[in-house]
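Worksheet: the structure to be examined is printed underneath.
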Amino acid sequence: MPIPGEAHPTFAVGGLVLGGGLLGFLKSGSKASLIGSSVVSAAYAGAGYLITNGDGFQGHALASTAAISLVGMFGKKFMKTRSLFPPGFYAMLGLASLAFHGKKALEWK
């Protein structure tokens, strides 16, 4: 079964988050980055799985929750440091993901 188009951004964001956490771990030894990114990426992977298997509302709702956690974690860091990467990038990624998945969740409801 092919992956529906609306699941692609879900898997992409999950991959970017996991990649960023791995980069943070390799660059500075941050176990928190690795663990946090793994949890958020797992949520995105689960959301993509739900969307792919026809449970669009639950999948997009789960992805929206993961996006809120990204905005919360990285938005606070961005406001404190004004650094564009990684906090600014991941805060904006979370906002874009929240806008997309929130809209899609409402369409499925």
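The values are calculated or read from the model by the stated rules, or taken from the named source; none is laboratory data. Here the structure is a predicted model, which means the values were calculated and not measured. Neighbour counts run over all protein chains shown; Cβ positions are idealised from the backbone, glycine included. These area figures cover heavy atoms from the full protein model, side chains too; ligands, DNA and RNA do not enter into them. Shrake-Rupley method; radii C 1.70, N 1.55, O 1.52, S 1.80 Å.
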Expected output for the range 52-70 (first residue within 11 Å of Lys103 (Cα to Cα), partner among the charged types (D, E, K, R) and surrounded by 15 or more Cβ atoms within 10 Å (Cβ to Cβ), Cβ below 7 Å, 6+ apart or cross-chain) is His60/Lys104
Does the range 88-109 hold any residues that are open to solvent by 50 Å² or more (accessible area, probe 1.4 Å) and of a type in the set (D, E, K, R), and which are they? Lys103, Glu107, Lys109
Residue check: is Val39 open to solvent by 80 Å² or more (accessible area, probe 1.4 Å) and under 14 Å from the mean Cα position of the chain (by Cα)? yes
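Please indicate, with yes or no, whether at least one residue in the range 64-87 is outside any helix (DSSP H, G or I), more than 9 Å from the chain's Cα centre (by Cα) and either surrounded by fewer than 18 Cβ atoms within 10 Å (Cβ to Cβ) or hydroxyl-bearing (Ser, Thr, Tyr) (or both).
yes
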